[in-house]
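The next block holds one structure in the form of structure tokens; read it before the comments.
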Amino acid sequence: MTAHATKAGAPQGTQERIHAVVRKIPRGRVATYGQVARLAGLPGHARQVGYAMAALGDATRVPWHRVINVQGRVSPRRAGPGAGLRQRQLLEREGVRFDGGGRVSLERYGWQPRARGR
DNA sequence: ATGCTGACTATGT
DNA sequence: TACATAGCCAGCA
């Protein structure tokens, strides 16, 4: 399923592509914005990944909470600390542990997709 | 069309 | 460790 490319020609929006990748992140695992961007075929567009997450609605089925920054921390949002706390709760509920500084060990919970094959 | 804003990351000082 | 800068893209007034 690499090619959901519609013959219609409409190149999928960057955002849609990002959502597709995030949806693949397994439960109990986390991925960084930059990693998602790279897997989506958009290396260097980490920022766009963050914005794509922000554009999601509450009824989304995309596990946006599994996306954190490269520091292993939940990125602070302008919307308020409330959203960040929710993300942390969702992750802890999946078994992801945070350290005293509110950080996640990427070495331990980082998603490591196997290219080709699995 | 132009300018601003926003869930990032790497690099330099 | 902290702050500044540059690169990247989409949505909206």
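We did not get these values from a lab; they are worked out from the coordinates using the rules stated. Values in this document were obtained by computation on a predicted structure and should not be read as measured data. All Cβ positions, glycine included, derive from the backbone under ideal geometry; neighbour counts span all protein chains shown.
So, A:G34, is that one part of a helix (DSSP H, G or I) and within 16 Å of DNA strand C (Cβ to nearest atom) or not? It is true that A:G34 is part of a helix (DSSP H, G or I) and within 16 Å of DNA strand C (Cβ to nearest atom).
Matching residues to (1) assigned to a helix (DSSP H, G or I); (2) among the basic types (K, R):
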position	(1), (2)
A:Q12	no, no
A:R17	yes, yes
A:V21	yes, no
A:G41	no, no
A:R61	no, yes
A:R77	no, yes
A:Q87	yes, no
A:G101	no, no
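Can you give me the number of residues within region A:86-107 that are at negative phi and surrounded by fewer than 12 Cβ atoms within 10 Å (Cβ to Cβ)? Residues flagged as at negative phi and surrounded by fewer than 12 Cβ atoms within 10 Å (Cβ to Cβ) within region A:86-107 amount to 7.
In region A:16-35, how many are within 12 Å of DNA strand B (Cβ to nearest atom) and not hydroxyl-bearing (S, T, Y)? Steps first, please.
Within region A:16-35, the first condition is being within 12 Å of DNA strand B (Cβ to nearest atom), and the residues that meet it are A:18-19, A:22, A:30-35.
Going one step further and asking which of them are not hydroxyl-bearing (S, T, Y), we end up with A:18-19, A:22, A:30-31, A:34-35.
Residues that pass the stated criteria total 7.
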